[in-house]
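In what follows, a single structure is set out as structure tokens and then discussed.
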Amino acid sequence: AAGVIQSPRHLIKEKRETATLKCYPIPRHDTVYWYQQGPGQDPQFLISFYEKMQSDKGSIPDRFSAQQFSDYHSELNMSSLELGDSALYFCASSELGAPYEQYFGPGTRLTVT
Amino acid sequence: QKEVEQNSGPLSVPEGAIASLNCTYSDRGSQSFFWYRQYSGKSPELIMSIYSNGDKEDGRFTAQLNKASQYVSLLIRDSQPSDSATYLCAVDQLRAAGNKLTFGGGTRVLVKP
């Protein structure tokens, strides 16, 4: 079965640079979620989109922004990167209607040096 | 108090035995409950979801929900070395499109041959 696709899988950036992470949801899934997972921590919710509108917002820094496009893919834009932004970034998707089960992509490992 | 709590482990289980994982949550109105399995450096994989009080079985996995006690558990029968992973309990408080998952800290399970 098709899964969530994320690109790139690995990304190395320097402090103060920008990064763009992309997420392609499972076909026919219209809701996308972004999570950040630091070493030894559980995933922390950043932001979600339903039908191209922001749906819920968590602890996402002001330096980060995200959007969902007409084909339902989503991009997470990260500016003025800091060392503390180094983490795994997961995208998840769910289909329209209950039970809103979230299926996670393989993640993007971001390293900020 | 964290919104979702799990014993961090490690939970050491002999091969073939039953592993029992517990999770408590603080929001009495929470609607949906999920168990994810996560191998080191990989993404969370959905293994069980439960929405009503009682038991739900899927293969070697059984999820149990008690909303009155704000408690959800996961049993893994006939544990295999491949079950060694971190198990994340996740709670959706609203059960709506785009709503975030709140994770417990995860329980690390080690199945010894």
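Within region B:26-77, what whole-number % of the accessible surface is contributed by carbon and sulfur, with the 1.4 Å probe and all protein chains included in the calculation? Its accessible area is 43 percent carbon and sulfur atoms.
Restricting region B:1-71 to trypsin sites (Lys or Arg not before Pro) that sit in a DSSP loop and have at most 11 other Cβ atoms within 10 Å of their own Cβ leaves B:ARG28.
Taking one quarter of the surface of the C-alpha convex hull of chain B gives a mean projected area of 6.9 nm².
Pairs from the table (A:LYS22/B:LYS42; B:LYS2/B:LYS67; B:LYS67/B:LYS100; A:LYS13/A:LYS52; B:LYS56/B:LYS100) lying more than 21 angstrom apart at Cα are A:LYS13/A:LYS52; B:LYS56/B:LYS100. When accessible surface is computed with a 1.4 Å probe, chains A and B are found to bury approximately 1700 Å² between them, both chains counted.
Peptide B:98-109 shows a mean partner chain C-beta count of 6 within 10 Å per residue C-beta. Full extension of the chain between B:LYS42 and B:GLN1 gives 12.0 nm of extra length, using 0.36 nm per residue less the Cα-Cα distance.
Residues of chain A were split at every exposed loop site, defined as trypsin sites (Lys or Arg not before Pro) in a DSSP loop with at most 12 other C-beta atoms within 10 angstrom, and the longest piece left, sites excluded, is A:29-113. Sorting the segments B:106-113, A:84-91 by their mean number of nearby beta carbons within 10 angstrom, highest to lowest, gives A:84-91, B:106-113.
Annotation for region A:1-83: GluC sites (Glu not before Pro) lying in DSSP loop with at most 14 further Cβ atoms inside 10 Å of their Cβ are A:GLU14, A:GLU17, A:GLU51, A:GLU82.
Roughly how crowded by other chains is peptide A:37-49, in terms of the mean Cβ count from those chains within 10 Å of each of its Cβ atoms?
Details: counts 4, 0, 0, 3, 3, 16, 11, 3, 5, 1, 2, 5, 2.
Averaged over the peptide's residues, the number is 4.
The loop-placed chymotrypsin sites (Phe, Trp or Tyr not before Pro) in region B:27-81, going by DSSP, that have at most 12 neighbouring Cβ atoms within 10 Å of their Cβ come out as B:TYR39. For chain B, the share of DSSP beta bridges that are antiparallel, to the nearest 5, is 90%.
Each Cα pair under 8 Å and six or more residues apart adds its separation to the average, and for chain A the resulting relative contact order is 37 percent. Across region B:11-108, C-alpha contacts under 8 Å between residues 6 or more apart give a mean separation that, scaled by the residue count, equals a relative contact order of 34 percent.
Taking every protein chain into account, the accessible area of the protein assembly as shown amounts to 47 square angstrom per residue (probe 1.4 Å).
Taking beta carbons within 10 Å but only from partner chains, what does the mean come to for residues A:94-104?
Numbers: counts 4, 1, 1, 1, 6, 8, 12, 6, 11, 4, 8.
Taking all residues of A:94-104 together, the mean is 6.
About the Cα centre of region B:1-59, how large is the charge dipole given +1 on each Lys and Arg Cβ and -1 on each Asp and Glu Cβ? Please answer in debye to the nearest 20. Before the final figure, lay out each step's value.
Working: 5 positive and 8 negative charges, 32 e Å.
Using Cβ point charges on Lys, Arg, Asp and Glu, region B:1-59 gives about 160 debye.
The values are calculated or read from the model by the stated rules, or taken from the named source; none is laboratory data. The model shown is predicted, which means the values in this text are computed figures rather than measured ones. All Cβ positions, even for glycine, are placed from backbone atoms using ideal geometry, and neighbour counts span all protein chains on display. Heads up: the accessible areas ignore ligands, DNA and RNA and are worked out on the full protein's heavy atoms, side chains in. Shrake-Rupley method; radii C 1.70, N 1.55, O 1.52, S 1.80 Å.
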